[in-house]
Each structure stands twice: as C-alpha cells, then as structure tokens.
1. Can you quote the Å³ per residue value for the convex hull of the Cα atoms in region 197-250, rounded to an integer?
2. Specify the angular offset, from 0 to 90 degrees and rounded to the nearest 10, of the alpha carbon long axis of helix 96-112 from the longest principal axis of the alpha carbons in the chain.
3. If the chain were replaced by its equivalent ellipsoid, with semi-axes equal to the square roots of 5 times the Cα gyration tensor eigenvalues, what would those be, largest first, whole Å?
4. Please list the equivalent ellipsoid semi-axes of region 1-68, computed as the square roots of five times the alpha-carbon gyration tensor eigenvalues, in descending order and whole angstrom.
5. What is region 236-286's relative contact order, in percent, from Cα pairs under 8 angstrom and six or more apart in sequence?
6. Hey, fewest Cβ within 10 Å first, where do 145, 5, 266 land in order?
7. In Å³ and rounded to a whole number, note down the convex hull volume per residue for the Cα atoms of region 108-264.
8. Using a Förster distance of 25 angstrom, determine the FRET efficiency expected from the C-beta separation of residue 183 and residue 284, and round it to 0.05.
C-alpha cells in the first residue's frame, strides 16, 4: 500500500541515510529540483552508495531523475538502474515518446547489468500543461508504468497562475490525471502540500485529493507523513461498512434473494467494488484478518 511518498534531497546525507525510518510508504531520492547543477554528481554518488549499502526493508525506494532535456539524465539512469530501485520518477514528462526514450535507455542499462528487462517501474511526474493534456498517452506508453504523479508547482507556473492552498487552479489537472490513470489501470498520486506548518490545511487538502480518487500523496516534510497516511487509510467506520456490505450479500444469498439492501440502500456493483477496495487496503495496511465476510 503506497499512501505517502516522501521527498528526500539527494545531496543531504542525513536525510537519505535515515529516510526509511520516517514512516512513509515510499521515499523519493531527489536528483532533480532539490540539487543544484554543481552538486548533481555528488548527489548521484551519494544516492548510489545509499542504495548499495542501505536497508530499505518495508519501504519502497523511488529515484527522481533529471529531465530528458538536461545533460544529467543519462548518467542518472546509468548510475541508478544497476542498484535496482523499485521505481524511477522521470520529470517534466510531456508525452509518450518521452517515456519510450527513457524506457529504452533503462532496458539498455538493465541488459548490460544482467537485470530483467522492465523490472524497474516508472512513475512519471506530470508538471506541464502539455503533460496534463497527454496524460492518457503517457499512462499507456509503456509496460513499466506504475502510476501518474501530479506536480503542481511547475504546472501552475506553466499555466501562468498563482499556486494557492485551496487549489482551485489545479482542480482540472487533478481530475484529468486521475481519469487518465484509472482509464489506464494504474494509480494516481497527488502533489505535495507545500505549507509545511499548516497541518490543518494539509489534512483538508489530502482529504480533498482522496475524494477525487487519488491513491495517495507526495509529501516534502516528515511532519506530513502521519497525517497523509491516516487520511489515505480506511477508517474503522469505512472498514465496518465494507464488511457489512459483504455480510448483507452473504445473507441475501442464503435467503435466495436477488435484490440486496443495507440500511435502506440498495447494494449494487459499484458499492461492492468500493467495499472490496476498502478491505484490500485494510489488509495491506493492517495485516491479515480482514475479509469480505466478516470482522477481523
């Protein structure tokens, strides 16, 4: 279950060495925006060494590489791919050709290092207007695709609008990205909430993202991890309702009823699908014991 993805600057030894114990489901070693041009080589070497020697059991590892229009990306791929991170996060992704170019380079490096071709997945960062408009093409560009991730800071600059806490300016982009990801059968991740000290605002923003269909949310501060994890975890009430749905289905089956209702509301296929997703999430987060037929 991937609810939180915590960004860690690739040139910060303390952060990258301790990232796995900060409570996020995934950590993102950042070789792009967090690293100045003169520190790119040093950051790449640091992340390489941490991947080679670190222990990340129970924590997914993602590496954000530099954009394909920079002189850094190929060296990023050649250095990082042999260490087998779970995913690569390409930046400024504008279309399917971008993904195909990157995937081909990754396959070349995988082959040279005796790794399974396609074993490392992709979670592209859509942070331009062109990327948002091409979201479905990007989502279906390559078998490596795991999810789409929205980057609002660069996007709003491209839109020529102000980035706000309320986020009205990115409502269309959020919706477009979620629709594209779901249509492609992959996950969708929301942009970070950048007001580090506004924890109430963070919770409201995360709850809104969840209501739109996002699977989880990226964060830029360890302080945000617990709140986002909680928001994107099914609550006790949601779990109990999901179990009640399946108990009602079982009872209707025993009684030979065709129509099934719960608390005065008909149980149709979408309600069953949502209940199943809740129980699957509960199983992934809290461990075994949740079932479609009863309590824990």
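1. Values: hull volume 4.5 nm³, N = 54.
It comes to 83 Å³ per residue, whole-number rounded.
2. Tilt of helix 96-112: around 70 degrees.
3. Numbers: eigenvalues 256, 89, 78 Å².
Computed over the chain, the values are 36, 21, 20 Å.
4. Here the semi-axes work out to 20, 13, 9 Å.
5. Values: 33 pairs, mean separation 22.9, N = 51.
Averaging sequence separation for qualifying contacts and normalising by length gives 45 percent for region 236-286.
6. Details: 145 21, 5 27, 266 9.
Sorted ascending by nearby Cβ count, the order is 266, 145, 5.
7. Hull volume normalised by residue count: 189 Å³.
8. Values: r = 23 Å, r/R0 = 0.92.
Calculated value: 0.60.
Rule-based calculations on the coordinates, nothing more; no lab input. Not measured: the values here are computed from a predicted model. Reconstructed Cβ throughout: ideal geometry from the backbone, glycine too, with neighbour counts over all protein chains shown.
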